[in-house]
Amino acid sequence: MQDKQRIPVVVKSGKKFETEQGFSAIKNGIKNPGQATPDQPGRKPAWLKVQLPSGGKYRNMRENVRENRLATVCEESMCPNIGECWSAGTATIMLMGSVCTRACRFCAVDTGNPKGWLDQSEPENAAESVRATGLKYIVLTSVDRDDLPDGGAQHYADCVRAILKASPSVNVETLTPDFKGDFSALEKVLDSGIKVFAQNLETVERLTHPVRDPRASYETTLSLLAHAKKYNPEILTKTSLMLGLGETDEEILQTLKDLRKINLDIVTFGQYLRPTPNHLTVERYVPPSDFDKYRQWGLEMGFVEVVSGPFVRSSYRAERALEGNNAGIRNSTES
C-alpha cells in the first residue's frame with residue numbers, strides 16, 4: 001500500500017506553526033493584532049508598480065536554490081525586486097534557516113527559537129549554488145540567531161570560505177545580524193575573505209523602536225560598522241535605510257552625518273512597503289525626486305556611493321554599487 005501524498009499546510013500570516021525542524025514559529029514574524037490599520041497615504045503611486053517575476057533565468061535561479069536547500073531573503077522578505085535580480089542571475093542567500101529569533105515590525109521573516117539548529121551542510125550547498133550559477137558577486141545575509149553563542153558568526157565565516165574555495169574569483173558581501181555587539185564575533189566574519197560588510201540601521205534613530213526589535217539598537221549598528229572599518233580599512237562598509245516610516249528630512253540628514261563620522265562607504269535608501277497587514281503602516285510614499293535629493297546629499301558629504309530609489313533594498317544589484325551611477329536607477333523617469 002502506497003503512502004498517501006502529504007498535503008502542504010497553508011499557515012496564515014501571524015499564526016503559530018511548527019517548522020520541519022520541530023520548533024514553533026510565527027508566520028511572517030508578527031502576530032495578528034486582530035484588526036489592521038490601513039496605510040496612511042492610500043493607494044500606491046504608479047512608480048511603485050512592478051512586473052511579476054518570470055523568464056528562464058528566473059526559473060533557473062529558483063530551481064538552483066531549491067536543489068541546494070537554500071533560503072533566500074529575496075523570497076522570505078517578499079522583496080519586490082526578485083524578478084529583476086533573479087533574471088539578472090543575482091540572488092541573496094539567507095543563511096542559518098528561515099526562522100529569526102527577533103521580530104522587527106517591518107520584516108516578514110518568520111519568528112521563533114531554532115534552539116541551536118544549524119544545517120551543517122549549508123557551507124557546501126551555498127558554495128555549490130554559487131559555482132553552478134557562475135556568479136561573480138554574491139550577498140550572504142541571515143536571520144538573527146540569538147540562540148547561538150556567537151550569533152552564527154563562525155557559520156558565516158565557514159560559508160564564505162567554502163564559497164571562495166569553490167569560486168576563488170567571486171566577491172562576497174555579508175549583511176549580518178548585530179551579534180549583540182560582540183566585536184570578536186564580528187571579526188570572525190571580517191577575517192573570512194569578504195569584500196563588503198553590511199549591517200543595517202533600517203531607520204533613523206528616533207524610529208529605531210518600534211521599527212526594529214527591542215534587542216537591536218542604533219548605537220550597536222554604528223559601533224559594528226565603525227569597528228569593521230577600523231579593523232580592516234580595505235573592506236567596504238555599508239548600511240541601508242527604509243523611508244516612509246515617519247522620518248523627517250532633518251533626521252535623514254543627521255543619520256548621514258552619523259554615518260560619515262564612522263567613515264562608512266555605501267548607503268542605500270528605499271521605500272518601506274508593508275509586507276502584511278500585521279506590520280507597520282506606511283506613513284508616506286516617498287517621490288522619486290526625493291530619493292535623488294537624498295542621494296545627492298550623501299555624495300556631497302563624501303560617501304563612495306548612495307544607491308537611492310523606491311525599490312532599492314540593501315542588496316539590490318549590489319554588484320553595481322561602485323559604478324557611480326545609482327546602480328543604473330533613473331528616478332527622474334519614474335515620477
Can you pull out the residues in segment 191-203 that are over 30 Å from Glu283 (Cα atoms), crowded, with 19+ Cβ neighbours inside 10 Å and out of contact with any Lys or Arg (no Cβ under 8 Å at 6 or more places or on another chain)?
Ile194
Cβ-Cβ below 7 Å, separation at least six or inter-chain, first residue in segment 214-232 and under 14 Å from Thr255 (Cα atoms), second among the charged types (D, E, K, R) and in a helix (DSSP H, G or I): which pairs?
Tyr218/Glu205; Leu222/Asp258
Out of all the residues in segment 282-312, which are surrounded by 22 or more Cβ atoms within 10 Å (Cβ to Cβ) and without any contact (Cβ under 8 Å) to a residue 40 or more places away in the chain?
Arg295
Restricted to segment 207-221 and to residues being more than 17 Å from the chain's Cα centre (by Cα) and part of a helix (DSSP H, G or I), the residue surrounded by the most Cβ atoms within 10 Å (Cβ to Cβ) is Leu207
Some residue of segment 166-188 being over 28 Å from Ser223 (Cβ atoms), in contact with a helix residue (DSSP H, G or I) (Cβ under 9 Å, 6 or more places away or on another chain) and of a type in the set (D, E, K, R):
no
Top-ranked residue of segment 38-54 - restricted to ones that are part of a loop (DSSP other than H, G, I, E, B) and surrounded by 12 or more Cβ atoms within 10 Å (Cβ to Cβ), ranked as modelled with the highest pLDDT:
Asp39
Being in contact (Cβ under 8 Å) with a residue 60 or more places away in the chain and more than 16 Å from Ser142 (Cα to Cα) is the filter here, so list the residues in segment 169-202 that pass it.
Asn171
State which residue is nearest to the chain's Cα centre (by Cα) when the search covers only segment 230-263 and only residues that are buried (at least 18 other Cβ atoms within 10 Å of the Cβ) and closer than 17 Å to Lys188 by Cα.
Thr237
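Conditions (1) without any contact (Cβ under 8 Å) to a residue 40 or more places away in the chain; (2) in contact with a Cys (Cβ under 6 Å, 6 or more places away or on another chain); (3) surrounded by 20 or more Cβ atoms within 10 Å (Cβ to Cβ); (4) more than 23 Å from Ser314 (Cβ to Cβ), marked per residue:
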position: Val130; (1), (2), (3), (4): no, no, yes, no
position: Lys136; (1), (2), (3), (4): no, no, no, no
position: Arg145; (1), (2), (3), (4): no, no, yes, no
position: Ala153; (1), (2), (3), (4): yes, no, yes, no
So how many residues does segment 313-334 have that are surrounded by 22 or more Cβ atoms within 10 Å (Cβ to Cβ) and hydrophobic (A, V, I, L, M, F, W, C)?
3
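The values are calculated or read from the model by the stated rules, or taken from the named source; none is laboratory data. Note that the coordinates shown come from a computational prediction; the quantities given were computed from them, not determined experimentally. Every residue, glycine as well, gets a Cβ built from its backbone with ideal geometry; the counts of neighbours run over all protein chains shown.
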